[in-house]
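Visitor: Sharing a structure below in structure tokens format, with a few things to ask.
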Amino acid sequence: MLRLDSVIKSFGAKRAVDGISLVVPSGQLVGVIGQSGSGKSTLLRMINRLSDPTSGSIHYGDVDVTALKGRDLRAWRARCAMIFQQFNLSGRLDVLTNVMMGRAFHAPLSRSLFKLWNDEEKALGLSALEGLDIGRLAAQRADTLSGGQQQRVAIARALVQEPEIILADEPIASLDPRNTQVVMDALQHINRHMGITVICNLHSLDLARKYCDRLVGLAGGRLVFDGVPAELTDRVARDLYGLESGEVLSPETQPGLLPVGAETGLALANH
Amino acid sequence: MAVVLAAAALSCVAAEVSPSLFFAKIGNFTGYIGRLFHLDSGALVVTDPVEWYWGLARWARLLGETIVMAYVGTALGAIGAFFLAFLAAANVTPARWLSFTVRRFCEFCRTVPGLVFALMFVIAFGLGPMAGVLAIAIHSLGALGKLFAEVVENIDMKPVEGVQATGAPWHVSMRFGALPQVMSNFVSYVLLRFEVNVRESAVLGFVGAGGIGMDLFEAIRKFYYSDVSAILVMIVVTVAVIDIFTGKIRHRLIGLVEGR
């Protein structure tokens with residue numbers, strides 16, 4: 001169980017995250033929604049400790065995440081994987097090496113620095129890639145892949161960490177509709193079948209409603225909505241998004257989605 | 001324009017650079033150059049290459065020593081700079097004070113002239129190439145450390161963050177997040193440095209730190225005119241060949257990076 005207590009993050013005089021308290025039980029798929037600049041990314045980055053809260057605390061079980069340092073901090077990051085909008089892969093390295101980064105906490109330094117992964121680790125990496133239907137790309141340079149393929153590599157990297165939580169920061173914001181569905185299906189599968197808690201920043205309300213068990217709405221760094229997708233009425237959404245509401249609310253069409261039942265070519269989702 | 005000219009005139013006076021002296025004595029310089037290309041017999045050097053290059057075997061060996069000094073010095077400096085760069089670069093440094101300290105250290109290494117280091121090492125380790133190699137290594141460490149750090153500061157941080165977020169230690173995030181982005185630039189700077197160091201190491205012999213410079217300095221001081229020109233021509237040709245060679249490799253590297 002992840003617990004945030006009045007977490008604040010200030011950049012100068014501006015509060016990007018302004019006193020958020022939140023409890024996420026294990027196994028949930030939580031969608032964090034809100035306008036651009038509402039503090040969604042900052043919130044996720046604080047959970048993984050890529051950035052430190054100005055005040056407040058984050059606990060996971062008995063672990064005080066905000067107090068972690070050195071190896072303990074890295075151990076936490078290994079348990080709490082992160083997926084980024086821009087994938088954050090090393091473009092000039094091959095796909096498998098990128099995925100093996102997920103083992104870098106567990107493998108001894110001497111081996112990981114020289115890419116001396118053992119067979120077990122390689123098998124883990126390859127099977128993660130295979131599960132996301134991109135096993136054949138293992139030897140390719142990461143920057144030769146399409147956006148959707150790169151994001152799946154990033155998900156594979158997160159999976160070989162064998163994490164308890166996956167934080168996804170706008171994972172589909174740079175993707176086309178087809179890849180959006182592939183990636184969201186993969187995250188849902190990971191949540192449902194592997195029991196990994198997923199916290200996912202989303203800009204699109206339609207996607208958030210479709211995939212998430214629970215939605216958390218941020219506006220101006222504050223938590224303004226917390227409930228199941230059904231409770232998120234258009235009126236609430238309009239408050240949440242203000243001027244951007246026209247962009248995210250589209251009652252009759254669902255932009256960014258294929259028709260239900262479309263073949264996604266994602267092996268993992270079909271198991 | 002008038003201001004620039006006035007400033008130039010003023011600084012000439014201040015620095016005691018006198019145009020009249022320049023024109024009065026320029027003949028001495030051209031005369032010296034002229035003497036360089038005549039043998040003791042008074043004939044032009046090209047008329048008797050065997051006499052001109054009487055010391056070819058010795059000079060070639062010393063020139064070889066000079067190149068080896070430059071090579072070893074560059075290599076040692078580059079290895080040091082490679083590790084220091086990641087500590088010095090503001091965007092990836094493990095600690096701000098470390099970055100500050102390493103930067104000041106590199107500054108020190110490259111601002112103290114190589115000749116001064118060479119002199120100190122000659123005093124410490126005696127005459128010979130050892131002193132020259134150390135002087136070149138230290139100067140290269142300072143210069144390359146700064147250049148490398150600047151390359152690292154210009155990288156895209158997203159891959160580094162991606163590796164870091166997995167719980168990987170700092171070394172691993174540098175190795176896999178940063179290094180692939182900077183490697184070709186590093187190699188290019190090292191080759192450039194090698195070119196500079198070949199010239200530098202030729203001069204280091206002046207203070208007895210090994211290589212061809214020792215013989216060149218001796219020839220200049222003892223007015224062995226044709227020897228001076230013979231050695232200078234050898235140095236110029238060697239440096240030009242190395243420049244062309246490393247230049248080709250560097251351009252190929254740049255092509256590799258941009259043509260992907």
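Visitor: Which residues, taken from segment B:152-193, are away from chain A (no Cβ under 14 Å), crowded, with 19+ Cβ neighbours inside 10 Å and under 20 Å from B:Thr101 (Cβ atoms)?
Guide: B:Val152
Visitor: While we're on this one: Among the basic types (Lys, Arg), within 8 Å of another protein chain (Cβ to nearest Cβ) and under 26 Å from A:Ile190 (Cα atoms), is that true of A:Arg92?
Guide: Working: among the basic types (Lys, Arg): yes; within 8 Å of another protein chain (Cβ to nearest Cβ): yes; under 26 Å from A:Ile190 (Cα atoms): no.
So A:Arg92 fails the test.
Visitor: Taking the stated definitions as given, is A:Leu126 outside any helix (DSSP H, G or I) and either in contact with a Cys (Cβ under 6 Å, 6 or more places away or on another chain) or not basic (Lys, Arg) (or both)? Outline the logic, then answer.
Guide: Values: outside any helix (DSSP H, G or I): no; either in contact with a Cys (Cβ under 6 Å, 6 or more places away or on another chain) or not basic (Lys, Arg) (or both): yes.
So A:Leu126 fails the test.
Visitor: Given the options B:Gln181, B:Gln164, name the one that is polar (S, T, N, Q) and in contact with a Pro (Cβ under 9 Å, 6 or more places away or on another chain).
Guide: Values: B:Gln164 fails: in contact with a Pro (Cβ under 9 Å, 6 or more places away or on another chain).
None of the other options fit; the residue is B:Gln181.
Visitor: Can you find, within segment A:49-78, the residue that is farthest from the other protein chains (Cβ to nearest Cβ) among those that are crowded, with 18+ Cβ neighbours inside 10 Å and among the charged types (D, E, K, R)?
Guide: Only one residue tops the list, namely A:Arg49.
Visitor: Inside segment A:21-48, can you point out the residues that are over 14 Å from the mean Cα position of the chain (by Cα) and surrounded by 23 or more Cβ atoms within 10 Å (Cβ to Cβ)?
Guide: A:Gly34, A:Ser38, A:Gly39, listed by residue number.
Visitor: To continue, here is another question. Grab the helices (runs of 4 or more DSSP H) fully contained in segment B:140-253, keeping just those with 1 or more residues being among the polar types (S, T, N, Q). Please lay out each step first, then the result.
Guide: Details: elements: B:157-164, B:170-173, B:179-204, B:213-221.
Counting at least 1 such residues, we get B:157-164, B:170-173, B:179-204.
Visitor: Every residue in segment A:127-172 that is among the small types (Gly, Ala, Ser), within 14 Å of chain B (Cβ to nearest Cβ) and under 30 Å from A:Ala75 (Cβ atoms), please.
Guide: As a first pass, look at segment A:127-172 and keep what is among the small types (Gly, Ala, Ser): A:127-128, A:131, A:135, A:138-139, A:142, A:146-148, A:154, A:156, A:158, A:168.
Next, only the ones that are within 14 Å of chain B (Cβ to nearest Cβ) stay: A:128, A:142, A:147, A:154, A:156, A:158, A:168.
Within segment A:127-172, A:Ala128, A:Ala142, A:Ala154, A:Ala156, A:Ala158, A:Ala168 qualify.
Visitor: Further question on the same structure: Within segment B:11-21, identify whether any single residue is of a type in the set (Ser, Thr, Tyr), closer than 30 Å to B:Asp227 by Cβ, part of a helix (DSSP H, G or I) and out of contact with any Leu (no Cβ under 7 Å at 6 or more places or on another chain), and answer yes or no.
Guide: Pass one, segment B:11-21, residues of a type in the set (Ser, Thr, Tyr): B:11, B:18, B:20.
With the extra rule that they be closer than 30 Å to B:Asp227 by Cβ, the set shrinks to none.
Within segment B:11-21 (the criterion being of a type in the set (Ser, Thr, Tyr), closer than 30 Å to B:Asp227 by Cβ, part of a helix (DSSP H, G or I) and out of contact with any Leu (no Cβ under 7 Å at 6 or more places or on another chain)), the answer is no, since none of the residues qualifies.
Visitor: Does A:Val99 satisfy the criteria of being aliphatic (A, V, I, L, M), at pLDDT 90 or above and over 18 Å from the mean Cα position of the chain (by Cα)?
Guide: On the way: aliphatic (A, V, I, L, M): yes; at pLDDT 90 or above: yes; over 18 Å from the mean Cα position of the chain (by Cα): no.
It is false that A:Val99 is aliphatic (A, V, I, L, M), at pLDDT 90 or above and over 18 Å from the mean Cα position of the chain (by Cα).
The values are calculated or read from the model by the stated rules, or taken from the named source; none is laboratory data. What you see is a predicted model, and the numbers here were worked out from it, not measured in a lab. Cβ coordinates were reconstructed from backbone atoms using ideal geometry, including for glycine residues, and neighbour counts include every protein chain displayed.
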